[in-house]
Amino acid sequence: MRVSVFGLGYVGSVSAACFAEDGHEVVGVDVAAAKVQSLNEGRSPIVEKGLDELIRGNTANGRLRATTSTAEMMKYASNTWHALKVTFANEICNVCKRVGIDSHEVMNIFCKDEKLNLSSYYMKPGFAFGGSCLPKDVRALQYRAKEVDLEMPVIQSILHSNQLQIQHAIDEIVETGKKRIGLLGFSFKAGTDDLRESPIVILAEALLGKGHALRIYDRNVSIARLVGANKDYINTQIPHLSSLLCETIDEVVDNSDVIVVGNAAPEFSDALKRTRPDQLIVDLVRVKTDRTEIPAQYQGICW
């Protein structure tokens, strides 16, 4: 088994050495360069009976090594996340107090949701959020706070940060210097025809305004254009984009210099295997296709 141990103090150093002694391949990670150097030289970073011998033997046989890589960023990410949680809870609860709601009861209920609220579900690097719920409810909360004359600096920054992620994607595409852009996915997530506040729609309109030639494929949106509940929205609110929808994925792939993956529809994974070496993929969702099976150049929006 390959094991990573973050932190090479009293617990981490002993754990790393014992795992290695049991036959596992172990990488110890620490922000302190002196600890990393000590372990890699076969010396214990701490005073613990018998640990020097364990570390010396397992660094010699290659089962144990240490690095500072990712350690500093992991520390920053973890502690900033904890600070953000405290600040978020306080801002929510300040609103609760102003409107006469038991803030502890709100947060107790909030924390019972381990599927979405306290989980890794939304903790994936990628594109901006959209749809009919998140933007609307963030605005509603901001408005409610304004009604009771309350500032919420963290929550008030959410929509601006989201816009910056859309702009980041636009900039990455424009900076390629390519004009023929293919969009795989148009709705804000796979499996829906909902285009309301879809960040891909915003991205597409910006690229169109900058003179790019667009081709768009989204199976659900193509069907909705003909029979779905969003037919009127598609044909009246965004007719200039609706007319750019293609009937097949290959029509987009074959006629684009840059291919943007906008949502995680499973069919897009196979499509990327049919790209060419002279094309560039800008992935906004981190498709699950093996990179070695993609002929085109590849880059992720934030990886």
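Report the charge-dipole magnitude of the chain in Debye, nearest 20, computed about the Cα centre from +1 at each Lys and Arg Cβ and -1 at each Asp and Glu Cβ.
The dipole magnitude comes to about 120 debye.
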Mind checking the angle between helix 134-147 and the chain's longest principal axis? C-alpha axes, 0 to 90 degrees, to the nearest 10. 90
In the neighbourhood of GLY177 defined by beta carbon distances under 14 Å, the net charge of the other residues (Lys, Arg +1; Asp, Glu -1) is -1
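Quick one: dipole size for the stretch 162-300, taken about the Cα centre, charges +1 on Lys/Arg Cβ and -1 on Asp/Glu Cβ, in debye to the nearest 20. Present the calculation step by step, with values, prior to reporting the outcome.
Working: 16 positive and 20 negative charges, 8 e Å.
Computed about the Cα centre, the dipole is about 40 debye.
By per-residue mean of other Cβ atoms within 10 Å, what is the highest-first order of 237-245, 157-165? Walk me through the intermediate numbers first.
Values: 237-245: 15.2, 157-165: 13.6.
Ranking, from highest mean packing down: 237-245, 157-165.
So if each residue of separation counts as 0.36 nm, and I subtract the Cα-Cα distance between THR292 and LYS146, what length gain in nm does that give?
On the way: separation 146, 0.36 × 146 = 52.56 nm, distance 5.13 nm.
Stretched out fully, the THR292 to LYS146 stretch lengthens by 47.4 nm.
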Could you give the nm distance between label points at ASP250 and GLU53, where each point is 7 Å from its Cα heading toward the beta carbon? 6.8
Per the Debye formula with a single identical scatterer at each Cα and no solvent contribution, what log10 I(q)/I(0) holds for the stretch 2-69 at q = 0.11 Å⁻¹? -0.18
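Quickly estimate the mean residue ellipticity at 222 nm for the chain, helices only: each DSSP H run with n ≥ 4 gives -39500 (n - 2.57), and the total goes over all residues, rounded to 500. Could the numbers behind the result be given before it?
Numbers: 14 runs with 147 residues, N = 303.
It comes out at -14500 deg cm²/dmol, rounded to the nearest 500.
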Rg and Dmax of the stretch 73-208 over Cα atoms: what are they, in angstrom? 17.7, 55
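What is the sum of charges, Lys and Arg at +1 and Asp and Glu at -1, for the other residues whose Cβ falls under 10 Å from the Cβ of LYS273?
Numbers: positive: ARG274; negative: ASP270, ASP290, GLU293.
Overall, the nearby charge balance is -2.
Just how many % of Cα pairs in the stretch 162-300 lie over 21 Å apart, if you round to the nearest whole percent? Walk me through the numbers on the way to the answer.
Working: 3415 of 9591 pairs.
The share of Cα pairs beyond 21 Å in the stretch 162-300 comes to 36 percent.
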Selected from ASN61, ALA34, GLY9, residue furthest toward positive end of dipole (the stretch 2-69; charges at beta carbon): ALA34
Taking 0.36 nm per residue of separation between CYS18 and HIS240 and subtracting their Cα-Cα distance, the length gained on full extension comes to 73.6 nm
Roughly how tilted is helix 10-21, in degrees to the nearest 10 and between 0 and 90, from the longest Cα axis of the chain? 90
With +1 on each Lys and Arg Cβ and -1 on each Asp and Glu Cβ, and nothing else charged, work out how big the dipole of the stretch 147-238 is about its Cα centre, in Debye to the nearest 20. 780
For helix 103-112, report the angle its Cα long axis makes with the longest principal axis of the Cα atoms of the chain; keep it between 0 and 90° and round to the nearest 10°. 80
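When only C-alpha pairs under 8 Å and at least 6 residues apart count, what is the relative contact order of the chain, in percent?
Details: 453 pairs, mean separation 36.6, N = 303.
Answer for the chain is 12 percent.
R0 = 25 Å: FRET efficiency of SER269 with ARG196, Cβ-based, nearest 0.05? Present the calculation step by step, with values, prior to reporting the outcome.
Details: r = 26 Å, r/R0 = 1.04.
About 0.45, to the nearest 0.05.
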Can you list the residues of the stretch 25-39 with backbone N under 14 Å from a point 7 Å past the Cα of LYS75, pointing along Cα to Cβ? 29-37
For the chain, what are Rg and Dmax over the alpha carbons, in angstrom? 24.9, 76
Packing-based ranking, highest mean first, of 174-180, 10-16, 58-64 given that Cβ atoms within 10 Å are counted: 10-16, 58-64, 174-180
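A short reminder: the numbers here are calculations on the coordinates, not readings from a lab. Treat the numbers as computed from the prediction; the structure is a model and nothing was measured. Heads up, the Cβs are rebuilt from the backbone with ideal geometry, glycines too, and the neighbour counts pull from every protein chain shown.
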